[in-house]
Amino acid sequence: MRSSVAAALAAALWLAGCAAPPDMTRSPSSGPAERPLLPPAGTLAVDAPPSRDRPAALNRIVNPRPASTAVLAEGAALYRIYCAVCHGADGGGDSLLAEYLPRLPDLRSPVWARRPDGRLYGVILRGGFRMPAYGDALSEGERWAVVHYLRTLGNGDGQ
């Protein structure tokens, strides 16, 4: 009889431990934030969902790297590795893959020359309409070096 009382007591204690305490079932839950925080002025979220004014933010970003000879050479080398396969060696969109892809933009055109640095950087970082993103392949400094190099394509200075 002792063993059956002990077994019943153990079962009762075990069952009591499985039930949720009343305070956990009636505790208030927190809902989504009522108002998201705005990003600090002059910044652009990289690992967060795009902001509603992303194009405006990209238009305000200025290339922080100086356009030195070394930076332009770095940008040219990176362009040859990552970009020329689609955009062509001179940026005209007449690459080896051009026949397999829809018409690629001519990066030498005045349309691209008028784009702010931040917009070009954003396309390299996140990709474009049909262009893949290179944010994981290139560091921040490398992306800015490519932007500087793209500026040389429209004036015939491409290396």
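The values are calculated or read from the model by the stated rules, or taken from the named source; none is laboratory data. Treat the numbers as computed from the prediction; the structure is a model and nothing was measured. All Cβ positions, even for glycine, are placed from backbone atoms using ideal geometry, and neighbour counts span all protein chains on display.
What the table shows:
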{"quantity": "Search result, residues across the range 91-110 that are closer than 21 Å to TRP144 by Cβ and either touching a Cys at 6+ places or on another chain (Cβ under 9 Å) or at pLDDT 90 or above (or both)", "calculated": "GLY91, LEU107, ARG108"}
{"quantity": "Selection within the range 79-118 - closer than 23 Å to PRO55 by Cα, touching a residue at least 40 places away in the same chain (Cβ under 8 Å) and surrounded by 18 or more Cβ atoms within 10 Å (Cβ to Cβ)", "calculated": "CYS83, LEU107, ARG108, TRP112, ASP117, GLY118"}
{"quantity": "Extreme residue, farthest from ARG103 (Cα to Cα), among residues of the range 42-87 that are basic (Lys, Arg) and modelled with pLDDT of 90 or more", "calculated": "ARG65"}
{"quantity": "Residue, surrounded by the most Cβ atoms within 10 Å (Cβ to Cβ), within the range 67-78, restricted to residues that are farther than 10 Å from LEU150 by Cα and of a type outside the set (A, V, I, L, M)", "calculated": "GLU74"}
